[in-house]
1. 222 nm [θ] for the chain, helices only, -39500 (n - 2.57) per DSSP H run of 4+, per residue, to 500?
2. Which is farthest toward the positive dipole end of segment 196-246 among Ile237, Thr197, Trp207, measuring Cα position about the Cα centre, with Cβ charges +1 (Lys, Arg) and -1 (Asp, Glu)?
3. Could you work out, for segment 402-481, what percent of all Cα-Cα pairs fall into each 10 Å distance bin, beginning at 0 Å and stopping at the bin that holds the largest distance?
4. Could you compute the FRET efficiency for Glu511 and Asp352, with r as their C-beta to C-beta distance and R0 at 22 Å, rounded to 0.05?
5. Using the charge dipole of segment 61-136 (Lys, Arg: +1 at Cβ; Asp, Glu: -1 at Cβ; taken about the Cα centre), state which of Leu121, Ile103, Leu131 has its Cα farthest towards the positive end.
6. For the pair Ala123/Arg301, report the inter-label distance in nm, with labels modelled 7 Å from Cα in the Cβ direction.
7. What is the dipole size for the chain, taken about its Cα centre, with +1 at each Lys and Arg Cβ and -1 at each Asp and Glu Cβ, in debye to the nearest 20?
8. Can you pull the one-decimal nm distance between simple spin-label points at Lys247 and Glu527, each 7 Å off the Cα toward Cβ?
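The values are calculated or read from the model by the stated rules, or taken from the named source; none is laboratory data. Being a predicted model, the structure only gives us computed values, none of them experimental. Backbone-built Cβ (ideal geometry, glycine too); neighbour counts: all protein chains shown. Calculation scope for accessible area: heavy atoms of the full protein, side chains included, ligands and nucleic acids excluded. Shrake-Rupley method; radii C 1.70, N 1.55, O 1.52, S 1.80 Å.
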Amino acid sequence: MLSPGTRVPLTIMVCIAISFSAQSQQINAYNYTLQKNLSSKNGVVVSAHALASEAGALMLRLGGNAIDAAIATQLALAVVYPNAGNIGGGGFLVAHLKNGQNISIDYRETAPAMASRDMYLDANGNPQMNLSQDGHLASGVPGTIAGIFACMKYAKLPFRQLVSPAIQFAEKGFTITEAQAKSLNDMRNEFIKLNTTVPVFVKKDPWKKGDTLVQKDLATTLKRIRDLGAKGFYEGITADLIAKEMKTGKGIITKADLAGYSAKTRIPIAFNYHAYTIVTMPLPSSGGIILEQMMKMIEKRNIALLKFETPQSVQLMTEVERRAYADRAKFLGDPDFVKVPVKTMVSEKYLDDRMKDFDPTKAGSSAQIAAGNIPESEETTHFSVLDKYGNAVSVTTTLNGGYGSRTVVAGAGFLLNNEMDDFSVKPGVPNMYGAIGAEANAIAPHKRMLSSMTPTIVLKKNTPYLVVGSPGGTTIPTSVFQTLVDILEFKMNTNDAVNKPKFHHQWLPDELYVEKGFSSEVKTALEKMGYKITERSSIGRTEVIRTDPKNVEGVADKRGDDSAAKD
Ligand code: GLY
């Protein structure tokens, strides 16, 4: 057994299979490799961490379906990818079941009962963004465990089996990658500052690639959930520990908030795009609605003729993004609390009107292009799963910022989210992603904060063709949009669609962000049209599964340690 801090060799290579012993049903968590591309005759899982993908693939091998694999992957991510994988956060699941049914489960966090509209404003009405982003007061009531149990009715394997890899990784540890070592070291001071006891993520000496991270408290929490179901999280010892942590750190989540949380089954958005049906997440994620708006605004414009990464195609997509994000800021919020004019926002007439002032020769202006006129309403993680039966699952889950609030529940070993920052703290004041919101996304007790997460499945003749999604805050819908346009319109191969440079415009600020590697000629041409262009490090980490009549192909984004595994 390896003890915490023991260094073992960790090989990271592209396109080499993960070491795995089917007999023992134990995954080798001390010696694994990344697999960026694979093809399979059966099922595939692609996620932000090789061990989480392998946990899902193990369930497929054991006779489980894509839902089983998704549950095991989500739980494993909570251990091996604490930046965003979680049981202290929330997420959304979109699935296409083999019987043809499309489902979506909303396990977004909610504002605690004691939350109020102006809770992050000081006496002069100025926003104190540190309170909505750092530490105890930043957390919404976690939804992940409720979401997982809401999915169990579609699963084949017992929960005990699905949680077993996560317990193994937490109890016996796993070796961390170079990127993880750097990320934990970068966060060291925050972990010390924002916790009442020093969490396992802080070590005396700096973390190094190949060190073993053991999370005993988290293993105990996962065992309580294994033995007691959702009550092992929302009631009893875990709820006591969360409430105690809140009291110590001046947070406001109570045991009543936890006991009162429920995940919701929502009707997914499903719309046609040429010969495809795109199934995606409805509110309280903005992602699905704005993805539909963006796809529909380009559908009649024959973008394929403009070709990938030309000034013309990038400009059209940028202007479409600008208009969709302006609508997001004004109209979107939790549909259980505000009336949102969804039908109008995605109607043909409305979207035609939105594009009436589009000029293909020059940059639009966010000062002039506000939200449409409707009469009266980075760190997240995505994984994609497909099984051999024809079930497809697309899940995006988050703590919001990297490591969420950076606060670990003492004694329970898991990080809490800082999702309250996804509310509009004050109308017109940007959140950590620079997104602004209005009354529709104001804070209210028990309300769900608006999200950008866009787990999506594309169907061809009513069977799964693509399973896609990405992390990245407000860049999520544009990453999914561009991946779909690259594959469906530009006929790009999956690897390039995932890994070629992306760009992003979100109305405000009125800037076009491009990734490093974006064509400098196209950049110059766009600047001539009047665009202000800012280069940024990375946009999204897209995990795609694509099917063809013979094979299933999984592609894990090169931007991180993301990795694919197969049945
Ligand atoms: N916290 C990022 C999102 O939900 O969009």
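1. -9000 deg cm²/dmol
2. Value: Trp207.
3. Calculated P(r), rounded to whole percents: 16, 33, 31, 17, 3, 0.
4. In this case the efficiency is close to 0.25.
5. Ile103
6. Inter-label distance under the simple model: 5.1 nm.
7. It works out to roughly 1000 debye.
8. 5.9
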